[in-house]
Amino acid sequence: MLDDLLPITVAKTEMSAELWNSAVRVLDTNWAGDHMVPSRRLYPHQWSWDAAFIAIGLAYVNPTRAWRDLRSLFEAQWPDGRVPHIVFDPATAEADYFPGPAFWDVPAYGARAARGSTGIVQPPMHAIAAWDVYRHAAAHGAACAQQARTELEWLYPRLVAQQTYLTGRRDLGGGGLAGIVHPWESGLDNSPGWDAAMANVPADLTLLHTYRRRDLDVSDAAHRPTDVDYARYVGLVLSYRAERYSDSGLLDRHAFVVECPAFNSILASAELALAQIAGELGRPAEAVAHRDRAERITTAIVRRLWNPATGMFHARDVRTGTLTPAHCVSGLLPLMLPDLPAEHVEAIMTEARSARFGLTELPVTSYDRTAPDFDTRRYWRGPIWINVNWLLRRGLLVHGFRDEAEDLRTAMVRLVHRNGHFEYFHPVTGEGLGAPTFSWTAALSLDLLADRSVPAYARAA
Ligand code: 2M8
């Protein structure tokens, strides 16, 4: 009976039926009326890039919710085009999440002003998600295909405005890449990739007396950022908030401005997805412009973030002009870009296969396994995350590494099946860590089971 729920593209095995159905249950539990929460206790609001990964999975089981989630998020888009990294749910008390809406104190915008949001962004995964959801809608019948068309038309100008904000106002370094102004904007929040730049951010621990951390009430302190890091996170928001989240002159007055290879690879991939969307909506000239922008961002990533000495991409501290020495999974993600030159593809593959990240029966880690500060439990400093492995798999498919892509897919599916839909996983034992019923792990498991092949905008497209 369980098998009956599987789409025809999913292999009918006991494991895939169990994983499929457990993923569907997680997504049902975490649905909050007009959006999905990443997890009920730790993250009780709507997160930006989570919504995109979640929509990709929901497309198989409930496309109406996939579109609803994306629409809810974009209803909170700011007039300057930024899509906030959290949209708050007024049904959740201020005390249940820090930093909540009162702390962010953003100007009230649009129809969803009552919900409040943060003033920072996350990686723009949404065009990629919208295109994926659209492509899968037809499988659910004519009414869903029609709905998909309407939603895509509604989203397209908003997705373009999001890209325009990121490639315009956020080109803080003037080199053609988007700069992030807070580690939370990367989505890889506590990554060692930010350590060098964060060392220059004042850590005022007294801020943690004024503002109490809430994450430690619901998770293990050994997994979470330290108080020093948290004090810096809070201080950076206060600095951005002080000028009402304005980006002008930010480089001169803000202590953290960084160009992240993963964020910018997603930015370029979003342009490629927009090219597909524009083509579908009958806007060929715009499709060409999106492809050109993707090419320009790819060139800028190579020019500004490549370190020939390490043979991989690294985050750039825009304030000092230096590349971080840390080897992080974000440095592998430019593999997503179809126009990445062959020598860089080869070098990334060497790094991905090396002992630092090497794919074993487990997916790749968030940080260099051989680094002295590799931490098996602290989040983004070692553990395995499904979303970045999903992106890496996409890169492997884009460049034709089908065997590695299949190994990685199998490793992810087994890991989640054995351990559950956790937020992240121990990089040696595979034990589940963080939130136990985590939406994007569940959603991407559905996508991995459905095992679609090369993205439409891969090299030949
Ligand atoms: C984590 O980030 C939040 C802050 O935004 C936190 O640590 O409290 C990150 O893993 C981020 O990528 C993710 O979007 C968010 C919700 O799942 O959690």
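The values are calculated or read from the model by the stated rules, or taken from the named source; none is laboratory data. Values in this document were obtained by computation on a predicted structure and should not be read as measured data. Cβ sites come from the backbone with ideal geometry, for glycine too, and all protein chains shown count toward neighbours. Quick note on the areas: whole protein, heavy atoms, side chains included, nothing else; ligands and nucleic acids left out. Shrake-Rupley method; radii C 1.70, N 1.55, O 1.52, S 1.80 Å.
If you go through region 77-91 one residue at a time, do you hit one that is in contact (Cβ under 8 Å) with a residue 60 or more places away in the chain and within 14 Å of the ligand (Cβ to nearest atom)?
yes
For (1) at pLDDT below 95; (2) more than 14 Å from the ligand (Cβ to nearest atom); (3) aliphatic (A, V, I, L, M), each residue gets a yes or a no:
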residue	(1), (2), (3)
Leu5	yes, yes, yes
Thr13	yes, yes, no
Leu19	no, yes, yes
Trp31	no, yes, no
Pro38	no, no, no
Ser48	no, no, no
Arg65	no, yes, no
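May I ask you to verify whether Val83 is in contact with a Gly (Cβ under 8 Å, 6 or more places away or on another chain) and crowded, with 17+ Cβ neighbours inside 10 Å?
On the way: in contact with a Gly (Cβ under 8 Å, 6 or more places away or on another chain): no; crowded, with 17+ Cβ neighbours inside 10 Å: yes.
No, not satisfied.
One line per residue, one yes/no per condition, for (1) among the β-branched types (Val, Ile, Thr); (2) within 20 Å of the chain's Cα centre (by Cα); (3) closer than 24 Å to Leu274 by Cα:
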site	(1), (2), (3)
Ala315	no, yes, no
Ser330	no, yes, yes
Leu335	no, yes, yes
Glu343	no, no, no
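Determine whether Ala405 is surrounded by fewer than 24 Cβ atoms within 10 Å (Cβ to Cβ), of a type in the set (A, V, I, L, M, F, W, C) and under 22 Å from Pro183 (Cα atoms). Don't jump to the end; show me each part of the working.
Numbers: surrounded by fewer than 24 Cβ atoms within 10 Å (Cβ to Cβ): yes; of a type in the set (A, V, I, L, M, F, W, C): yes; under 22 Å from Pro183 (Cα atoms): no.
Judged against the criteria, Ala405 is not a match.
Note down all Cβ pairs under 7 Å where the first residue falls in region 376-389 and is in contact (Cβ under 8 Å) with a residue 24 or more places away in the chain and charged (D, E, K, R), the second is open to solvent by less than 10 Å² (accessible area, probe 1.4 Å) and away from the ligand (no atom under 13 Å from the Cβ), and they're at least six residues apart or on different chains.
Arg381/Pro192
Restricted to region 10-40, and to residues that are open to solvent by 40 Å² or more (accessible area, probe 1.4 Å) and of a type outside the set (Asp, Glu), which residue is farthest from Thr410 (Cα to Cα)?
Gly33
Restricted to region 190-246, and to residues that are open to solvent by 40 Å² or more (accessible area, probe 1.4 Å) and among the β-branched types (Val, Ile, Thr), which residue is nearest to the ligand (Cβ to nearest atom)?
My answer is Thr226.
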